[in-house]
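Trainee: The following block contains the structure, expressed as structure tokens.
The values are calculated or read from the model by the stated rules, or taken from the named source; none is laboratory data. What you see is a predicted model; the values in this text were computed from it and never measured. Methodologically, a virtual Cβ is constructed for each residue, glycine included, from the backbone with ideal geometry; neighbour enumeration extends over all protein chains shown. Only protein heavy atoms, including side chains, enter the accessible area calculation; ligands, DNA and RNA are left aside. Shrake-Rupley method; radii C 1.70, N 1.55, O 1.52, S 1.80 Å.
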Amino acid sequence: MSITRTPFGTLPDGRPVEAIRLSGDGIDATILTWGATLQALEVPDWNGTMGDVVLGHDDLASYVATRRFFGATIGRYANRIAGGRFELAGETVVVPANDGVHALHGGATGFDQHVWNVASISDAPHPSVTLTHTSPHGENGFPGTVEASVTYALTGRGVLSMEFAATTDRTTVVSLTNHSYLNLGGVLGGGDILGDLLTVDAGAYLAIDPNAIPLLQPPMPVDDTPFDFREPRKIGARIREPHSQLHNGHGYDHNFCLSDAAGVRFAARVESPRSGRIMELFTDRPGLQVYSGNYLDGTATGKGGWQYRQSDALCLEPQVWPDTPNRPDFGSAVLEPGEAYSHHSIYRFSAA
């Protein structure tokens with residue numbers, strides 16, 4: 001096990017960005033201080049050959065030039081807020097719209113567009129790095145100064161742990177997650193993810209309108225629909241069916257409603273028949289956004305010069321349900337002074 005810390009580039013204003021590489025047992029992770037981003041994640045295939053399985057860029061300039069959320073830490077609020085506004089503590093909060101008339105992943109300038117501070121690096125009891133970020137009161141319209149952190153740690157063979165935390169000095173909303181694009185075949189010519197087997201431990205999902213905002217209705221059961229992944233199924237098995245929700249999402253771009261059991265529990269599993277790589281996701285969040293890379297259109301040049309195209313990767317984003325600030329029936333994303341927000345997700349890799 002080892003940890004290395006190297007320069008990754010310099011922003012136009014002169015601020016440096018670093019890369020911290022955590023090397024463990026059967027897994028290597030590279031984290032950038034830009035956006036607390038998971039830039040690379042290397043795990044072995046069924047032959048024991050290590051390969052990178054997350055989309056991203058080889059240079060800082062590409063991350064800065066176009067906001068694509070590759071591997072980024074998302075905040076203050078992951079996913080969408082309808083109309084970019086909500087009521088909180090008797091006041092209307094307005095978040096600048098950056099997805100049509102809606103706010104997406106924190107609005108016009110999210111946590112993914114800041115340089116995070118390296119708070120600590122440790123190799124005991126396992127390789128880990130903790131990054132912190134202060135979001136001032138009023139940033140993107142959100143109330144309260146929020147102190148946020150994320151800890152990446154390699155806690156076992158093939159295991160990557162992510163722990164998010166936040167506090168505030170006044171009532172606000174917080175929902176943090178990681179936005180990695182996953183391709184277990186390998187991001188350098190691994191093909192698309194439509195033949196990968198997906199399992200999601202969810203009996204219901206949120207139906208959306210054509211702008212990906214949840215409809216004003218309860219969760220929909222997955223029974224007898226293309227959204228039933230309770231047993232392993234190829235991601236592409238039913239993705240082209242004439243289903244109104246697949247049309248609205250241009251594929252899968254939906255929140256799956258996980259079990260309401262407390263604590264970290266199994267949420268999803270992905271298996272690549274091409275490489276034999278398997279990823280199991282465990283989380284304490286109530287929802288999982290499943291996104292089949294529908295808007296990758298070949299305009300993003302990624303690692304090794306590869307052009308990322310539709311369905312070249314799968315995103316599995318643990319979080320509270322989208323638009324929860326406007327939907328009290330979805331639970332709560334409110335964080336009060338004196339409270340501590342926490343989110344723990346674990347990614348376990350193996351090979352068959």
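Trainee: Tell me, please, whether a residue that is open to solvent by less than 20 Å² (accessible area, probe 1.4 Å), of a type in the set (A, V, I, L, M, F, W, C) and within 20 Å of the chain's Cα centre (by Cα) can be found in segment 105-122.
Mentor: Within segment 105-122, the first condition is being open to solvent by less than 20 Å² (accessible area, probe 1.4 Å), and the residues that meet it are 105-107, 110-112, 116.
Going one step further and asking which of them are of a type in the set (A, V, I, L, M, F, W, C), we end up with 111, 116.
Among the residues that remain, those that are also within 20 Å of the chain's Cα centre (by Cα) are: 111, 116.
Yes - at least one qualifying residue is present in segment 105-122.
Trainee: If I ask for residues that are open to solvent by 10 Å² or more (accessible area, probe 1.4 Å), part of a strand (DSSP E or B), touching a helix residue (DSSP H, G or I) at 6+ places or on another chain (Cβ under 7 Å) and among the aliphatic types (A, V, I, L, M), which ones from segment 94-104 would you list? First the steps, then the outcome.
Mentor: Let us first name the residues in segment 94-104 that are open to solvent by 10 Å² or more (accessible area, probe 1.4 Å), namely 94, 96-102, 104.
Okay, now just the ones that are also part of a strand (DSSP E or B), so 94, 99, 102, 104.
So of that shortlist, the ones also touching a helix residue (DSSP H, G or I) at 6+ places or on another chain (Cβ under 7 Å) come out as 94, 102.
Listed by number, the list holds a single entry, 94.
Trainee: Working only within segment 166-182, note down all residues that are in contact with a Pro (Cβ under 7 Å, 6 or more places away or on another chain) and open to solvent by 10 Å² or more (accessible area, probe 1.4 Å). Lay out the reasoning, then the answer.
Mentor: Keep residues of segment 166-182 that are in contact with a Pro (Cβ under 7 Å, 6 or more places away or on another chain), which gives 168-173, 177.
Listed by number, the residues that qualify are 168, 169, 170, 171.
Trainee: Here's something else I'd like to know. Would you tally the residues in segment 318-340 being part of a strand (DSSP E or B) and either under 24 Å from residue 26 (Cβ atoms) or open to solvent by 20 Å² or more (accessible area, probe 1.4 Å) (or both)? Let's see the steps before the verdict.
Mentor: Within segment 318-340, the first condition is being part of a strand (DSSP E or B), and the residues that meet it are 318-319, 334-335.
Narrowing the set further to residues that are either under 24 Å from residue 26 (Cβ atoms) or open to solvent by 20 Å² or more (accessible area, probe 1.4 Å) (or both) leaves 318, 334.
Going through segment 318-340 one residue at a time, the tally reaches 2.
Trainee: Follow-up. With the condition kept exactly as written, say whether any residue in segment 135-154 is surrounded by fewer than 16 Cβ atoms within 10 Å (Cβ to Cβ), over 13 Å from residue 76 (Cβ atoms) and not hydroxyl-bearing (Ser, Thr, Tyr).
Mentor: No, there is no match, as no residue in segment 135-154 is surrounded by fewer than 16 Cβ atoms within 10 Å (Cβ to Cβ), over 13 Å from residue 76 (Cβ atoms) and not hydroxyl-bearing (Ser, Thr, Tyr).
Trainee: Continuing with this model, one more query. (1) within 18 Å of residue 319 (Cβ to Cβ); (2) surrounded by fewer than 22 Cβ atoms within 10 Å (Cβ to Cβ); (3) of a type in the set (Val, Ile, Thr): which one isn't true of residue 199, the others all being true?
Mentor: Result: residue 199 fails condition (1) only.
Trainee: While we're looking at this one, here's another question. Here's a check for you: in segment 261-284, which residue that is in a loop (DSSP other than H, G, I, E, B) and in contact with a Gly (Cβ under 9 Å, 6 or more places away or on another chain) is surrounded by the fewest Cβ atoms within 10 Å (Cβ to Cβ)? I'd like the intermediate steps shown before the answer.
Mentor: If we filter segment 261-284 for residues that are in a loop (DSSP other than H, G, I, E, B), which is where we start, we get 261-264, 272-276, 284.
Imposing the further condition that a residue be in contact with a Gly (Cβ under 9 Å, 6 or more places away or on another chain) reduces the set to 272-275, 284.
Details: 272: 25, 273: 13, 274: 16, 275: 24, 284: 18.
Checking each candidate, the answer is 273.
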